[in-house]
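Here's the structure we're looking at; comments come further down.
The values are calculated or read from the model by the stated rules, or taken from the named source; none is laboratory data. Owing to the predicted nature of the structure, the values given are computational and were not obtained by experimental measurement. A quick note on method: Cβ atoms are made from the backbone with ideal geometry, for glycine too, and the neighbour counts reach across all protein chains shown.
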Amino acid sequence: MAETNVFVDAVARLERLGAEAGIAPEVIAALRDPRETLIASLPVRLDDGSRRYFPAFRCRYNNALGPTKGGIRFHPNVTLEEVQALALWMTIKCAVVGLPYGGAKGGVIVDPKVLSRLELERLSRAYMRAMANVIGPDLDIPAPDVYTNARIMGWMRDEYEAIHRIKAPGVITGKPIRLGGSLGREEATGRGAFLCIQELARVRDLDPAKTRIAIQGFGNAGYHVAHLLQEAGYRIVAVSDSQGAIYSEDGFDVDSLHQHKEATRKLQGVYCEGSVCQLVDHERISNDELLELDVEILIPAALEGVIGPWNVDRIQAPIIVEVANGPILGEVDAQLFERGKVIVPDVLANAGGVTVSYFEWVQNRAGYAWTLDEVRSRLAEVMKRAFGEVWELGAAEKAALRGAAYTVALRRIAEAIHAHGTREYFQGDTD
Ligand code: NAD
């Protein structure tokens, strides 16, 4: 795994891609550091009566294009640097798909799996209490991320409303449907990635039946992309979660795996005696082996920093679709590009989630709910347009898709920054 400081790596990549795209240095300077990061210690009463303090972060990275937007992660390995890197990527991501948002991210250093439900609720409410001054429907709008979900978003909305004594459904997205959530939000990240793969299949002439896919991470994003791909005829030959990975040359029945995981909380349960065990032959492999499989498409959908100098030479898949944020370290970008790998970058591949979060916020503000078909067709419109822009620019410049995606995003952010006036404008050199 990565020893590299993920934020330093993210800024180095931004500087490199920004320079290659000819973005003005003042724009890159505006994006080199976050605007503000609130660090808090969350006091939470445990069920045994004791009190524990959990370190928590909220980073509002840049708001040139609008209020900031980004998920909240509950994970024992959360760090300040990780939250800042994720907030930078959110800034780029919102701009790639053309949303009127800046980027943000939040996190709590906690292993949520060892908390009781009541402790989890207290922690979620404590997070909102600590951050309520920097969060708001026109200021900063959180959403779910790793190990947070719709119920947690509902608790946080409720806490925000109790503090401010108002109803504010647009303060957070990814909520339960009855608490102002949007139809189609839960599947949105997976569906957005699926739409990118469909577009890629169209421009690269891929035959789904001959396309074997390995997916690292079988959570919200990983499951939904797997489900849609299988439905479209692709073969999902390997999947993994934090406990381990499984492989089957013939491909898995994704929904059976999902049901089994829901019931047992882990994929390893597939090894037990039970219905799914008999469905297909499978072998157990490690998470590292999954990344190095000889497949047509590799989809990292778990955590960042899983492909770096230690394993880049062994990555065989010619196409990598980054459903997780930051799975590939910037320091190996060039190596992968030189080896002809096609990488659909995170800032595009997983942008379906924030896009439907945006739809949820729009619906909350309008007080009018869309149908599932409306959400899906608008998402398809946004993702196809964004993929097309990035693909065409990449082809025109013979550049990697990541470079093209950053170029699209940085140009939009630059336009917003320049609209306030540049040095040339204030010196009277331009209109
Ligand atoms: P999740 O909590 O639903 O699932 C995470 C999955 O990763 C789980 O199956 C977990 O077991 C697995 N995992 C954890 N550590 C692992 C490891 N070392 N090896 C293999 N698997 C491991 O989270 P999610 O919402 O699906 O998010 C996954 C990734 O997608 C994250 O990088 C997240 O930032 C990104 N993402 C999610 C969304 C969203 O809307 N959910 C949007 C954009 C990006």
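Things worth noting here:
- Among the residues making up the range 168-223, those that are of a type outside the set (K, R), surrounded by 23 or more Cβ atoms within 10 Å (Cβ to Cβ), in a loop (DSSP other than H, G, I, E, B) and within 9 Å of the ligand (Cβ to nearest atom) are G174, G217, F218.
- Of the residues making up the range 148-167, those that are within 16 Å of the ligand (Cβ to nearest atom), crowded, with 21+ Cβ neighbours inside 10 Å and of a type outside the set (S, T, N, Q) are I152, M153, M156.
- Considered as a group, the residues in the range 229-255 that are modelled with pLDDT of 95 or more, out of contact with any Asp or Glu (no Cβ under 8 Å at 6 or more places or on another chain) and over 19 Å from E283 (Cβ atoms) include one that is farthest from the ligand (Cβ to nearest atom), and that residue is G233.
- Count of residues meeting criterion [part of a helix (DSSP H, G or I) and surrounded by 24 or more Cβ atoms within 10 Å (Cβ to Cβ)] in the range 71-83: 2
- The range 224-249 - residue that is in contact with a strand residue (DSSP E or B) (Cβ under 7 Å, 6 or more places away or on another chain) and in a loop (DSSP other than H, G, I, E, B) and, of those, surrounded by the most Cβ atoms within 10 Å (Cβ to Cβ): Y234
- For the range 81-114, the set of residues classified as farther than 11 Å from T37 by Cβ and polar (S, T, N, Q) consists of T91 only.
- N311 vs. criteria of a type in the set (S, T, N, Q) and crowded, with 17+ Cβ neighbours inside 10 Å: no
- Considering residues of the range 57-84 that are within 15 Å of the ligand (Cβ to nearest atom) and of a type in the set (S, T, N, Q) only, the residue farthest from S124 (Cα to Cα): Q84
- Pick from the range 19-37, criterion in contact with a Phe, Trp or Tyr (Cβ under 7 Å, 6 or more places away or on another chain) and modelled with pLDDT of 95 or more, ranking: farthest from T79 (Cα to Cα): R35
- Filter result (among the small types (G, A, S) and out of contact with any helix residue (DSSP H, G or I) (no Cβ under 9 Å at 6 or more places or on another chain)) within the range 46-60: G49, S50
- The range 256-265 - residue that is closer than 23 Å to G353 by Cβ and crowded, with 16+ Cβ neighbours inside 10 Å and, of those, nearest to the ligand (Cβ to nearest atom): K261
- Selected residue (criterion: farthest from A221 (Cα to Cα)) from residues of the range 125-147 that are within 16 Å of the ligand (Cβ to nearest atom) and at pLDDT 95 or above: I141
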